[in-house]
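Notes to accompany the following structure.
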Amino acid sequence: MMNSQILGPDYGEIKNLEKIANKDGSGIKFDELIGNWKFQYVWKQGAESIDNISSSLLQVLVASLELSNIQLENDPAKFEIKNSLKFGVLSIAFCGEAFLKGTRPLLYFYFKNLNIKVGNITVLTKSLKKTEFKKMPFFSLIAIDKKEEWLCARGKGGGLAIWKRN
């Protein structure tokens, strides 16, 4: 059931979708994830209501998740991932690679570099050390709506998030 206050399912529906995803998988496919996803809402681990402070801050900072196909011959199912924040002319982006694993599936990722720009001018580019697999962050993908307008996932730390396709 859609909550008129938020885009996407309410907490109860997310929990139901999560039970289904845990049992049978979410059915989310590689191609469905490709695109730019704008952050909408977050629930802290164990909380049944939206974390309004964190959600508002991430909306103001225009937090987004961008996934594109890397097109590697030996591994066609790898994404290029970009997690970014923008505030006026300032932008901060973590860029790296991501891949799906399992039937749920989990979207594992690691960042190769950090880029900070003011307007179109790059003021800092920093290489980041690759994280070993056991320590990689991931999103446990719960559901994507049939029209692909929203995506819901649980992070490694236990919080829930919803993004809207941009």
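Worth pointing out:
- When Lys38, Lys82, Lys78 are checked against the criterion of being basic (Lys, Arg), surrounded by 13 or more Cβ atoms within 10 Å (Cβ to Cβ) and touching a residue at least 60 places away in the same chain (Cβ under 8 Å), a single residue qualifies: Lys38.
- The one condition from (1) in contact with an Asp or Glu (Cβ under 6 Å, 6 or more places away or on another chain); (2) among the small types (Gly, Ala, Ser); (3) farther than 28 Å from Leu17 by Cβ that Ser68 does not meet is (3).
- For Ile121, the conditions (1) in contact with a Lys or Arg (Cβ under 7 Å, 6 or more places away or on another chain); (2) β-branched (Val, Ile, Thr); (3) without any contact (Cβ under 8 Å) to a residue 24 or more places away in the chain are fulfilled apart from (1).
- Residue that is modelled with the lowest pLDDT [pool: residues in region 99-124 that are farther than 19 Å from Leu65 by Cα and of a type in the set (Val, Ile, Thr)]: Thr103
- Some residue of region 69-86 being out of contact with any strand residue (DSSP E or B) (no Cβ under 6 Å at 6 or more places or on another chain) and modelled with pLDDT of 95 or more: yes
- Complete set of residues in region 77-130 that are over 22 Å from Asn166 (Cβ atoms) and either among the basic types (Lys, Arg) or touching a helix residue (DSSP H, G or I) at 6+ places or on another chain (Cβ under 6 Å) (or both): Ala77, Lys101, Arg104, Lys112, Lys126, Lys129, Lys130
The values are calculated or read from the model by the stated rules, or taken from the named source; none is laboratory data. Quick caveat, the model's predicted, so the values are computed rather than measured. Neighbour counts run over all protein chains shown; Cβ positions are idealised from the backbone, glycine included.
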